[in-house]
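Only one structure is covered here, and it is reproduced in the block below.
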Amino acid sequence: MKVSTWNVNGIRARETQLLDWLLLERPDVLCLQEIKASPDQIPETLRDLPGYWGRWHGGKGYSGVSLHLRRDRFPEPTFGHPGFDHENRVVTADVGDVTFASIYVPNGNKDYRAKIGFLEGLDAWVAAAHAGGRRLVVCGDLNVARTDRDVHPKLRKPTEIGQTDEERALLERILARGLGDLLRHHDPDNDRLFTWWAPWRSLRERNIGWRLDYVLASTPVAERSTGCRAFREFGSSDHGPVNATFDLPAVTPPPGPA
DNA sequence: ATGGTAGAAACTCTA
């Protein structure tokens, strides 16, 4: 199973790039963030992404997420929007005992307390899902660099939003609910592992950035993880896509006698 | 201390 997540920074400006990405990677699950469009504004070619179940969840010009699952690999999922959703930042898909989520955490520069509240809501939702026996694959732009290693040395600044102790402690609390950080898991010593680059002064070409985009998976799923990588070279969003692969069939068989 | 770019609700806001 291959899962792909990408903050596209405007789906209408990324139409052809997204189609290229699907042809190249054919992920079983696709999570998008910052689509900046309401469902009626989604380009015709993307509206019913061929071969995918899908849910577009956004408003005009700001924020928004989507989630897509291959029809040939999954039965029709149940899409949902948990209570901590705010400004069209969360979409989930239940299929079997697995829940996929596409998440766009508020940047926090506009309203820092709202970002903290959102992360607390995500934490409570993860705890409740695990308590209910569900396995999670949580993907998206969490807008927090987990540790100093996740920010280029020239950009480290502990008071800056996205790097504060308070945000990092909350992220660790979420992970301690039983989620693996797959990109870091597969590249533990890399201190140049970034997924976002400010769009000026060739910072992307020079790989001076932050790691803000994550694939998180519940321990039983994370244990089947076979790889996870960030694509600095693909696309013109300020974020690169992240792919994770698993030694798991995409289809989740219903629970039953062996 | 400041700025740079990009996408959009657009002669301004958010990131």
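What follows draws every value from the coordinates through simple rules; no lab data is involved. Keep in mind that what you see is a predicted model, and the values were worked out from it rather than measured. For neighbour counting, all protein chains shown are included, and Cβ atoms are generated from backbone atoms with ideal geometry for every residue, glycine included.
For chain A, what does the relative contact order come out to in percent, with C-alpha contacts under 8 Å and a separation of six or more?
20
Suppose R0 equals 35 Å; then what is the FRET efficiency for A:Ser236 and A:Thr147 from their Cβ-Cβ distance, rounded to the nearest 0.05?
Details: r = 28 Å, r/R0 = 0.80.
Efficiency, from the Cβ-Cβ distance: 0.80.
Report the Cα-based extents of the stretch A:51-184 along its three principal axes, largest first, to the nearest Å.
For the stretch A:51-184, the Cα spread along each principal axis is 46, 35, 26 Å.
Under 19 Å from the Cα of A:Lys110, which lysines turn up, not counting those fewer than eight places away in the same chain?
A:Lys36, A:Lys60, A:Lys157
May I have the pair-distance distribution P(r) for the stretch A:159-204, computed from all Cα-Cα distances with 10 Å bins from 0 and rounded to whole percent?
For the stretch A:159-204, the binned pair fractions read 21, 40, 35, 5 percent.
Give me the percent of DSSP beta bridges within chain A that run antiparallel, rounded to the nearest 5. Please list the in-between numbers first.
Working: 41 of 53 bridges.
Percentage antiparallel, nearest 5: 75.
Please tell me the relative contact order of the stretch A:31-95 in percent, rounded to the nearest whole number, where contacts are Cα pairs under 8 Å and at least six residues apart.
Details: 128 pairs, mean separation 21.4, N = 65.
Reported as a whole number, the value is 33 percent.
Highest mean first, what order results for A:84-90, A:74-80 on Cβ atoms within 10 Å?
Numbers: A:84-90: 19.4, A:74-80: 14.9.
Order by mean packing, descending: A:84-90, A:74-80.
If neighbour count is taken as other Cβ atoms inside 10 Å, put A:Ser237, A:Ser66 in order from fewest to most.
Details: A:Ser237 21, A:Ser66 25.
Going from sparsest to densest Cβ surroundings: A:Ser237, A:Ser66.
Let me check I have the definition right: for chain A, take the eigenvalues of the Cα gyration tensor, multiply each by 5, take square roots. What are those semi-axes in whole Å, largest first? Don't skip to the answer; put the middle values down first.
On the way: eigenvalues 130, 94, 68 Å².
So the equivalent ellipsoid measures 26, 22, 18 Å along its semi-axes.
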